[in-house]
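> What follows is a structure written as structure tokens; I'll ask about it next.
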2 protein chains.
Amino acid sequence: MTADGAPKRTVSEARAAAVLNAGVDGAGAWQSVFVDDGKNTIASQLVERLREAIVSGQLEAGAKINLDRAREIFAVSLSPLREALARLIPDGLVIFEDNRGYRVAPVSVTDLREITRLREEFETLALRQATSVAPPEWEGDVMRALHRLNTAERNPADPATLERWEALHREFHLTLLAGCQMPLLLGFCRTLLNLNDRYRRSFLVRTSGDRNVSVEHSEIAQGAVARDADFACERLREHIHRTGSNLAAHLSDRIAP
Amino acid sequence: MTADGAPKRTVSEARAAAVLNAGVDGAGAWQSVFVDDGKNTIASQLVERLREAIVSGQLEAGAKINLDRAREIFAVSLSPLREALARLIPDGLVIFEDNRGYRVAPVSVTDLREITRLREEFETLALRQATSVAPPEWEGDVMRALHRLNTAERNPADPATLERWEALHREFHLTLLAGCQMPLLLGFCRTLLNLNDRYRRSFLVRTSGDRNVSVEHSEIAQGAVARDADFACERLREHIHRTGSNLAAHLSDRIAP
DNA sequence: TTATCAAAAATAATCGATGATTTGTCAATC
DNA sequence: GATTGACAAATCATCGATTATTTTTGATAA
């Protein structure tokens, strides 16, 4: 651990949302993030904090990240801040230009379309591979992730439940893919999932009424553990496609193409 | 530009290869890299220098990167060095662990297999898309890249020609894919190409006698500009697959699986 | 009024020094 | 002889201050 310990951060945390995108939305679901799970250094913790701030929409898309202000808000020095930002570039959440500093990556409908399209390709590829090479434990992992997701409450009035649902949803998809035993492909899928979550959490109020997402997830999972690649992949593809279309519809009302 | 200018760097350059992997292979093809093409900051230049050092095999796979030594060798301070290394993580060339520092990413046959497999999937996806959406100029770009590649000398006795050929080869593949108009997919392909180049440049002495690589490239290019997706993609897939098998054969003699 | 340039302010990039953690060494103990 | 623990050295991480670059401001001239 560092010398000064955690408390100071939690305090400055709350200010972060308020100051950085001055007074847009107040309620920060910040506090839940700090569970020091092996990420010892300030830079590493900062990566997670910044990622959450961007994915959750608390850091506005396209906004410039003023280093001095951010340094003060997060109560860190420049070195770990710059390093953390650099590590978010590959995730597609931050963009950088020499002597011009860092910005939050912008969002657009075409970007979302590409994410959706690539998710369809990559995730079905990974799932197909998983159904053929994953060890038996994988099936249990999938069913557990499914159960935890389906039993999680999702109350629009309570942001904490929404955030928990998001985490479990992400966990479900990654567990599904993890069986493929291809670390690079998994990394790409994780990146795309990150990017996609950002759109959903920023722009989707609730999923459209004509879908039963729980059923969709259950079908995918059952196909997967039955090692029925064609069925599982087809369901997964539909699931991704629907989510993408849904989001794109919401999105095009709100931002430029 | 920085105040002190370029000369100092070129000098320290030569030492870099010698010191970092102490006396493994002497001949450095370093000098050619410094053409300050818009990359103004030390950190950005360092990214390119380090990338070249790793991809070319001058920085040994799996080796620890001692910050103090590297700092001295490259004649920079810690801040840009750390930042440059952080930016290479997403490319899969550098790995990092809290409080344990940076290492050159290791190589393995399974890693190479995955790279090859994913290149087959991603590059054919991109090429198929390109044949359907790329603008007319793209065809000219492809043919030019092909011509430059096919007329480049490749003399095993002269490392400079080999390096130039590598650059043109990379350029050809990227030009081919660039027509797809999908920035994320292009980024993934670029990453995979980087990783693949590293294996080729480190482990492949020469391509096996039963291949005529020029012809392979020409067929791919001609299929592409004719907008014959099936033909072009099939040739591309074979090309990638052959290169991968070839490399894997060389590799398994030399390192652990 | 608009355009242009120079100075000033703001911001980004880098450095050298300091603090924290890991790794290596060696004696004491079982 | 192997193991443990404390110390020392090496290495990594962070900070505050300095330097370089970009952006803004404001005065001048067309």
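> Out of curiosity, is B:Leu59 of a type in the set (A, V, I, L, M, F, W, C) and within 12 Å of DNA strand D (Cβ to nearest atom)?
Criteria not met by B:Leu59.
> Does segment B:94-108 include one or more residues that are out of contact with any strand residue (DSSP E or B) (no Cβ under 9 Å at 6 or more places or on another chain), closer than 20 Å to A:Glu48 by Cα and within 11 Å of chain A (Cβ to nearest Cβ)?
The answer is yes, given that some residue of segment B:94-108 is out of contact with any strand residue (DSSP E or B) (no Cβ under 9 Å at 6 or more places or on another chain), closer than 20 Å to A:Glu48 by Cα and within 11 Å of chain A (Cβ to nearest Cβ).
> Can you tell me which residue within segment A:210-230, out of those that are of a type in the set (Val, Ile, Thr) and buried (at least 17 other Cβ atoms within 10 Å of the Cβ), is nearest to the chain's Cα centre (by Cα)?
A:Ile220
> For segment A:73-117, enumerate the residues that are within 9 Å of DNA strand D (Cβ to nearest atom) and in a helix (DSSP H, G or I).
A:Leu78, A:Ser79, A:Pro80, A:Leu81, A:Glu83, A:Ala84
> Would you mention how many residues in segment A:66-99 are touching a residue at least 24 places away in the same chain (Cβ under 8 Å) and closer than 19 Å to A:Asp111 by Cβ?
Total satisfying the criteria: 6.
> Please find, among B:Arg154, B:Arg200, B:Arg144, B:Arg242, the residue that is closer than 18 Å to B:Arg117 by Cα, without any contact (Cβ under 8 Å) to a residue 40 or more places away in the chain and of a type in the set (Lys, Arg).
Matching residue, one of B:Arg154, B:Arg200, B:Arg144, B:Arg242: B:Arg242.
> Looking at segment A:175-186 only, could you name the residues that are free of Cβ contacts under 8 Å to residues at least 40 places away in the same chain and surrounded by 15 or more Cβ atoms within 10 Å (Cβ to Cβ)?
If the condition is that a residue be free of Cβ contacts under 8 Å to residues at least 40 places away in the same chain and surrounded by 15 or more Cβ atoms within 10 Å (Cβ to Cβ), then A:Thr175, A:Leu184 are the ones that fit.
> Looking at A:Ala70, A:Ala160, A:Ala130 in this structure, which one is small (Gly, Ala, Ser) and either assigned to a loop (DSSP other than H, G, I, E, B) or within 20 Å of the chain's Cα centre (by Cα) (or both)?
Of A:Ala70, A:Ala160, A:Ala130, the one residue that is small (Gly, Ala, Ser) and either assigned to a loop (DSSP other than H, G, I, E, B) or within 20 Å of the chain's Cα centre (by Cα) (or both) is A:Ala160.
> Does B:Gly57 satisfy being away from DNA strand C (no atom under 16 Å from the Cβ) and within 11 Å of chain A (Cβ to nearest Cβ)?
Judged against the criteria, B:Gly57 is not a match.
> Ok, one more. Kindly check whether there is at least one residue in segment A:43-51 that is within 15 Å of DNA strand C (Cβ to nearest atom), not in a helix (DSSP H, G or I) and not assigned by TED's automatic domain parsing to the domain that holds A:Thr243.
Taking every residue of segment A:43-51 in turn, none turns out to be within 15 Å of DNA strand C (Cβ to nearest atom), not in a helix (DSSP H, G or I) and not assigned by TED's automatic domain parsing to the domain that holds A:Thr243.
> Looking at segment B:114-164, which of its residues are among the aromatic types (Phe, Trp, Tyr) and touching a helix residue (DSSP H, G or I) at 6+ places or on another chain (Cβ under 6 Å)?
B:Phe122, the sole residue that qualifies.
> Next up: For A:Pro136, indicate whether it is modelled with pLDDT of 95 or more and either more than 14 Å from chain B (Cβ to nearest Cβ) or closer than 16 Å to A:Asn194 by Cα (or both).
So A:Pro136 passes the test.
> Going by what's in this entry, would B:Arg154 be described as within 14 Å of another protein chain (Cβ to nearest Cβ) and open to solvent by 70 Å² or more (accessible area, probe 1.4 Å)?
Taking the combined requirement at face value, the residue does not satisfy it.
The values are calculated or read from the model by the stated rules, or taken from the named source; none is laboratory data. Quantities reported herein were computed from a predicted structural model and do not represent experimental measurements. Note that we place each Cβ from the backbone using ideal geometry, even for glycine, and neighbour counts take in every protein chain shown. The area values use the complete protein model at the heavy-atom level, side chains included, leaving out ligands, DNA and RNA. Shrake-Rupley method; radii C 1.70, N 1.55, O 1.52, S 1.80 Å.
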